[in-house]
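Beneath this line is the structure, given in structure tokens, with notes to follow.
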Amino acid sequence: MLTEQLHTFLSEAGASLHRIFMLPSSRHFWFFMLCYVLIALAVYLSGDGRRQGQNFFRFLFPKKIYTHPSVWMDIKIWLVIILLVKVGLFALLYQANYIGSVLLDRMLDKVWVVEAAHEAPSLSDRLIYTLVFTCCVDFGFFLMHYLQHKVSWLWAFHKVHHSAAVLTPLTANRHHPVDYTVHAATAIVMGSFATVLFTRYHGTTIDSVTLFSTSAIHFFYYMSANLRHSHIWLSFGVGNRLFFSPAMHQIHHSTAPQHYDKNFGFVFSVWDWLFRCRYLPAKQEEITVGLIKGESGYHGFWDAMWRPFVECFHAIKSLHLWRRKRALEH
Ligand SMILES: [Zn+2]
Ligand SMILES: [Zn+2]
């Protein structure tokens with residue numbers, strides 16, 4: 001009996017690890033982690049690490065970052081997310097989204113009737129769909145992230161991500177389950193919206209252009225995405241004006257006043273430009289990450305899981321919809 005349970009547990013754990021490291025739809029897919037190491041090597045060889053007299057291993061895994069208690073918190077929160085996804089955290093979301101898509105389709109039936117297509121969409125149609133789909137999801141992510149910083153009861157949950165005192169690729173998963181759900185719901189709703197419109201326009205189903213069964217644009221994004229949460233500086237230079245570089249997300253985590261509430265984007269940086277919150281780094285900047293003065297951190301894992309509900313409740317009760325810039329006011 002015990003060996004049976006152990007066997008089930010090990011095969012479940014193996015399946016989870018397989019999903020995380022072996023599927024290209026995961027940002028921690030082995031190829032994207034290899035890209036992380038290769039980009040780090042290029043940064044090291046260009047002088048950043050060698051100048052400080054470190055060997056490459058120490059440059060890649062600085063002791064003061066990887067032995068910081070913040071990393072253990074990242075791991076604990078990630079395990080909770082894996083567990084919740086496993087027990088169907090998003091099952092209800094997908095169900096609600098399916099009903100929403102069907103309702104949208106029914107509404108469009110009355111105003112936009114198209115003949116069913118006899119041919120499959122061309123490559124150029126699929127390329128346009130891939131771009132529009134990515135833009136819809138990316139703008140949704142940007143807008144939700146912007147609100148997660150501006151609306152006090154959303155910030156109560158998003159603050160857990162920003163309480164990280166050091167950045168490692170694991171920090172990408174350091175999200176309170178409520179924060180994680182809000183993020184996932186945005187992707188599901190915005191993605192479905194683009195798909196319903198394109199399916200109707202073409203009169204048939206349409207698929208993204210993919211690389212290893214992942215949307216081609218997201219595949220390229222993931223190649224450098226793990227550097228967003230790291231100590232390694234990667235800026236796209238003039239390319240920052242269109243694409244959101246990992247250095248721009250590190251600035252988002254910075255405690256410096258000039259970086260406050262800047263750079264909310266993911267794939268494209270134009271949304272930040274449109275909302276006047278884009279900060280383009282002219283050169284490499286020294287960054288201290290964490291919560292700004294006036295924002296209280298957490299006393300351990302359970303505090304980080306429970307206190308956001310209390311803070312959210314107080315924010316709603318006191319009718320403080322918008323988050324106040326406490327540190328900057330003092
Ligand atoms: Zn944020
Ligand atoms: Zn982050």
> Which one is farthest from ALA187 (Cα to Cα), of the residues in the range 239-266 that are in contact with a His (Cβ under 7 Å, 6 or more places away or on another chain) and within 11 Å of ligand 2 (Cβ to nearest atom)?
Replying inline: ILE251
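Hey, among the residues in the range 272-284 that are touching a Phe, Trp or Tyr at 6+ places or on another chain (Cβ under 8 Å) and more than 16 Å from ligand 2 (Cβ to nearest atom), which one's modelled with the lowest pLDDT? So that I can check it myself, show each step before the final result.
We begin by selecting, within the range 272-284, every residue touching a Phe, Trp or Tyr at 6+ places or on another chain (Cβ under 8 Å); these are 272, 275, 277, 284.
Next cut, more than 16 Å from ligand 2 (Cβ to nearest atom) only: 275, 284.
Details: PHE275: 97, GLN284: 92.
Applying the filter and picking the extreme gives GLN284.
Please go through the range 283-295 and give me each residue that is touching a Ser or Thr at 6+ places or on another chain (Cβ under 9 Å) and in a loop (DSSP other than H, G, I, E, B), ordered by number.
Quick first cut of the range 283-295, residues touching a Ser or Thr at 6+ places or on another chain (Cβ under 9 Å) only: 283-285, 287-293, 295.
Of everything in the range 283-295, those that are touching a Ser or Thr at 6+ places or on another chain (Cβ under 9 Å) and in a loop (DSSP other than H, G, I, E, B) turn out to be LYS283, GLN284, GLU285, ILE287, THR288, GLY290, LEU291, ILE292, LYS293, GLU295.
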> Hey, PHE219 hits all of (1) over 21 Å from SER25 (Cα atoms); (2) away from ligand 2 (no atom under 16 Å from the Cβ) but one; which does it fall short on?
Replying inline: (1)
> Does any residue of the range 181-201 turn out to be within 13 Å of ligand 1 (Cβ to nearest atom) and either among the polar types (S, T, N, Q) or out of contact with any Pro (no Cβ under 6 Å at 6 or more places or on another chain) (or both)?
Replying inline: yes
>> What are the pairs with Cβ atoms under 9 angstrom where one residue, in the range 210-238, is in a helix (DSSP H, G or I) and the other, located anywhere, is within 15 Å of ligand 2 (Cβ to nearest atom) and polar (S, T, N, Q)? Sequence gap at least six, or different chains.
In response: SER224/SER245; GLY237/SER245
> Pick from LEU143, LEU147, LEU167, LEU154: which is within 16 Å of ligand 1 (Cβ to nearest atom) and in contact with a Cys (Cβ under 9 Å, 6 or more places away or on another chain)?
Replying inline: LEU154
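Does ASP74 satisfy the condition of being more than 30 Å from ALA194 (Cα to Cα) and among the acidic types (Asp, Glu)? Explain how you work it out, then say what you get.
Numbers: more than 30 Å from ALA194 (Cα to Cα): yes; among the acidic types (Asp, Glu): yes.
Against the criterion (more than 30 Å from ALA194 (Cα to Cα) and among the acidic types (Asp, Glu)), ASP74 qualifies.
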>> Here is a check on your reading of the model: is PHE266 among the aromatic types (Phe, Trp, Tyr), surrounded by 14 or more Cβ atoms within 10 Å (Cβ to Cβ), at pLDDT 95 or above and within 12 Å of ligand 1 (Cβ to nearest atom)?
In response: yes
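What residue, among those in the range 98-143 that are among the basic types (Lys, Arg) and either farther than 14 Å from HIS202 by Cα or touching a strand residue (DSSP E or B) at 6+ places or on another chain (Cβ under 8 Å) (or both), is surrounded by the fewest Cβ atoms within 10 Å (Cβ to Cβ)? Show your work before the answer.
Within the range 98-143, the first condition is being among the basic types (Lys, Arg), and the residues that meet it are 106, 110, 126.
Those left that are additionally either farther than 14 Å from HIS202 by Cα or touching a strand residue (DSSP E or B) at 6+ places or on another chain (Cβ under 8 Å) (or both): 106, 110.
Numbers: ARG106: 9, LYS110: 7.
Among those residues, the one meeting the criterion is LYS110.
Would you confirm, using the coordinates I've provided, whether ALA194 is in contact with a Cys (Cβ under 6 Å, 6 or more places away or on another chain) and either free of Cβ contacts under 8 Å to residues at least 60 places away in the same chain or within 22 Å of PHE220 (Cβ to Cβ) (or both)? Steps first, answer last, please.
Values: in contact with a Cys (Cβ under 6 Å, 6 or more places away or on another chain): yes; either free of Cβ contacts under 8 Å to residues at least 60 places away in the same chain or within 22 Å of PHE220 (Cβ to Cβ) (or both): yes.
Yes.
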>> Just to be sure before I move on: is PRO177 farther than 22 Å from PRO246 by Cα and not charged (D, E, K, R) in the structure I sent?
In response: yes
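Taking only the range 178-187 into account, find how many residues are of a type in the set (Asp, Glu) and either more than 12 Å from ligand 2 (Cβ to nearest atom) or in contact with a strand residue (DSSP E or B) (Cβ under 9 Å, 6 or more places away or on another chain) (or both). Step through it out loud before you land on a result.
So the first thing to find is which residues in the range 178-187 are of a type in the set (Asp, Glu), and the list is 179.
Filter once more, so that each one left must be either more than 12 Å from ligand 2 (Cβ to nearest atom) or in contact with a strand residue (DSSP E or B) (Cβ under 9 Å, 6 or more places away or on another chain) (or both): none.
Here the count works out to 0.
The values are calculated or read from the model by the stated rules, or taken from the named source; none is laboratory data. From a predicted model like this one, the values you see are computed outputs, not experimental measurements. All Cβ positions, even for glycine, are placed from backbone atoms using ideal geometry, and neighbour counts span all protein chains on display.
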